[in-house]
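S.K.: Before anything else, here's the structure in question.
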Amino acid sequence: MVMRGRIGSYEMMVRGVSGLTRIMNVDEVARYLGVVPDTIYRKARRGEIPAVKMGKVWRFPKETLDKWLNDTALETVKKS
């Protein structure tokens, strides 16, 4: 894991099969998706969004989140 300092936060990276993957927290995912953090917590608890719970903290691999977002968008288009 590589940690880099940022003002008031931190950025985590993990080495995966395809290289480095950014790990996002609830606040970052909420800003990224344009929703409130409570929505992200609810979706994570229900298994509606790809997430990993580490102790009491939810983490979201950005690469997995982007794939989920693209797949969800494609499903929505196919239904229209």
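None of the figures in this text is laboratory data; all of them are computed from the coordinates on show. None of these values were measured; they are calculated from a predicted model. A quick note on method: Cβ atoms are made from the backbone with ideal geometry, for glycine too, and the neighbour counts reach across all protein chains shown.
S.K.: Would region 24-66 count as rounded, prolate or oblate if I go by the C-alpha gyration tensor, calling it rounded below 1.5 in a/c and otherwise prolate when a/b exceeds b/c, oblate otherwise? Let's see the in-between values first.
M.R.: Details: a/c = 1.37, a/b = 1.14, b/c = 1.20.
Cα axes put region 24-66 in the rounded bin.
S.K.: Select from region 42-80 those trypsin sites (Lys or Arg not before Pro) which occupy a DSSP coil region and have at most 12 other Cβ atoms within 10 Å, ordered by residue number. Present the calculation step by step, with values, prior to reporting the outcome.
M.R.: Numbers: sites: Arg42, Lys43, Arg45, Arg46, Lys53, Lys56, Arg59, Lys62, Lys67, Lys78, Lys79; in loops: Lys56.
Qualifying residues, ordered by number: Lys56.
S.K.: Still on this structure, I have one more. Count the net charge of all other residues whose Cβ sits under 12 Å from the Cβ of Tyr41, scoring Lys and Arg as +1 and Asp and Glu as -1.
M.R.: Result for the neighbourhood of Tyr41: +3.
S.K.: Here's something else I'd like to know. Local charge sum around Leu65 (other residues, Cβ-Cβ under 13 Å, Lys/Arg +1, Asp/Glu -1)? Walk me through the numbers on the way to the answer.
M.R.: Numbers: positive: Arg22, Arg31, Lys43, Arg59, Lys62, Lys67; negative: Glu28, Glu48, Glu63, Asp66, Asp71.
Value of the local net charge: +1.
S.K.: Can you compute the charge dipole magnitude of region 19-68 about its Cα centre, using +1 on each Lys and Arg Cβ and -1 on each Asp and Glu Cβ, nothing else charged? Give it in debye, rounded to the nearest 20.
M.R.: Computed charge dipole of region 19-68: roughly 180 debye.
S.K.: Could you work out how much longer the chain between Asp27 and Lys56 gets when fully extended? Use 0.36 nm per residue separation minus the Cα distance between them, nm to one decimal.
M.R.: Gain on extension, Asp27 to Lys56, equals 9.0 nm.
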